[in-house]
Every structure is written in C-alpha cells, then in structure tokens.
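Below is one structure; the comments refer to it alone.
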Amino acid sequence: AAYCGAVDDGVKALKPLKDFGSPVVDIIGPIPYVGQQSLLDQAMPPNLLNYWKADFIEGMSDDLIRIAVEAHSRIPSPRSSILFFPIHGAASRVAPDATAYPHRHGIHMGIYSLWEDVLENEPNIAWVRDTWTAIQPHTAGGVYVNELGDDEGDDRVRLAYGGNYPRLAKIK
C-alpha cells in the first residue's frame, strides 16, 4: 500500500510537466527497483579503466553548477560524467541511525571518468581529482561508502558512516 501511495504521489507531482506539451517520447513513470539499478549499465560498461570521487553537496547553487559545467567542458574521455543523485522519498523516511548508512537527505554528487587506454590514466585521474577539489566548498559532509576509492583515508571512511561510526566500530 505504501508503494502504491508513493507511485500515486509521483504521478501527481509530474502531472504539470507531462501536461506542458506533447513530448516525442515520454519515459517518465514508475520503474522497478532492478530497472532503476541498471539505468547506467550502458553508460558505464564493464572492463574499462575508471576513477571516481564523490561527496554529498549542500545544494545546487549557481556556483556549483558553474563548476560542473566548466569541468564537463574539459573532460578527457567522452565516457566521463558528473552525476547528481537526490536522496529523498523512502530513503529519507528511515532514521539516520536505523542502519549503518546515515545519509538520508541531500544530494550525492559523483565525478566519474572511464577510459580504455592505460596511457590516458593521468589526465582522467587528474580531471576527477581537480573537479572534486573544486566542489569542496559546496560539500555537506559525508560520502556513500561504495563511492570510496583505495586512495581515501580513515577520515573519509568515518564520513561515510557519520555519527554511526563509533557504534559500528564497537560492534565490529
């Protein structure tokens, strides 16, 4: 019943957008969880070299948008991307301390570079790091643990679990 209500709420919220005009293609609507999880499969295929960094951001400020647009204008690989994932809905209705994962609100920003040739490592890794450094004044603290790389320290791991870290360390 809760799922149906959420779908109804989403349909209602999108009605003005869908009524705006006659789109050539309308693919906005409910999607199964597995379908949502595979949305980026074609954009991020396996067996490519890759490097990424991510953070939660405070919001979509004009300055952050300018940084993202400027960074995207100089991507070293056409497979590189900057993605924004708003966290809301069912995820936001879970208390931050109910599970290991505390980040239940806000926007997750990921900076991803994918390329084929090992000779392209340096510019791709530098692009991600430079872009990530540029967004730091706009970060809210916290990172999704699956977005941590091998070169991140204990401080970033603590950010991934936020206030839950001491409890999780004690349990471990």
Subject >> Which of THR99, THR133 is most accessible, then next, and so on - probe 1.4 Å >> reply: THR133, THR99
Original post:
So how do LEU48, LEU17 rank on accessible area, 1.4 Å probe, biggest first, that is with the largest at the start?
Top reply: LEU17, LEU48
Original post:
Magnitude of the Cβ-charge dipole of the chain, K/R +1 and D/E -1, about the Cα centre, nearest 20 debye?
Top reply: 680 debye
Original post:
Quick one: if you take sqrt(5λ) for each eigenvalue of the C-alpha gyration tensor of the chain, what semi-axes come out, biggest first, whole angstrom?
Top reply: 28, 25, 16
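What number comes out for accessible area per residue over segment 114-172 if the probe is 1.4 Å? Units Å², please.
Details: 3740 Å² over 59 residues.
Normalised by residue count, the accessible surface of segment 114-172 is 63 Å².
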Subject >> Calculated from backbone phi, Karplus (6.51, -1.76, 1.60) coupling profile of segment 28-43 in Hz, x at Gly/Pro >> reply: 7, x, x, 9, x, 4, 4, x, 5, 5, 9, 4, 9, 4, 6, 6
Original post:
For VAL24 and GLU58, what does the FRET efficiency come to when R0 = 41 Å and r is the distance between their Cβ atoms, rounded to the nearest 0.05?
Top reply: 0.70
Original post:
So which trypsin sites (Lys or Arg not before Pro) in segment 23-85 end up in coil per DSSP with only 13 or fewer other C-beta atoms within 10 Å?
Top reply: ARG74
Subject >> Estimated 222 nm signal from helices in the chain, with DSSP H stretches of n ≥ 4 weighted -39500 (n - 2.57), rounded to 500 >> reply: -11000 deg cm²/dmol
**OP:** Filter the GluC sites (Glu not before Pro) in segment 97-172 down to the DSSP loop ones having no more than 12 other Cβ atoms within 10 Å, then list what survives.
**Re:** GLU116
Subject >> Only Lys, Arg (+1) and Asp, Glu (-1) charged, at Cβ; segment 1-93 dipole about Cα centre in debye >> reply: 160 debye
**OP:** Amide H neighbours of SER77 under 5 Å, at least 5 residues apart or on other chains, H built in the peptide plane: list them.
**Re:** none
Original post:
Got a sec? Charge dipole of the chain, +1 on Cβ for Lys and Arg, -1 for Asp and Glu; which of PRO76, PRO30, LEU64 is way out at the positive end?
Top reply: PRO30
Subject >> the chain, accessible surface, carbon-and-sulfur percent (1.4 angstrom probe) >> reply: 60 percent
Original post:
Setting aside same-chain residues fewer than 8 positions from LYS170, which lysines have a Cα under 29 Å from its Cα?
Top reply: LYS53
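The values are calculated or read from the model by the stated rules, or taken from the named source; none is laboratory data. Computed from a prediction, not measured in an experiment: that's the story for all the values here. Because the Cβ atoms are built from the backbone with ideal geometry, glycine has one as well, and the counts that use them run over all protein chains shown. Just so you know, the surface numbers come from the protein's heavy atoms only, side chains and all, with ligands and any DNA or RNA stripped out. Shrake-Rupley method; radii C 1.70, N 1.55, O 1.52, S 1.80 Å.
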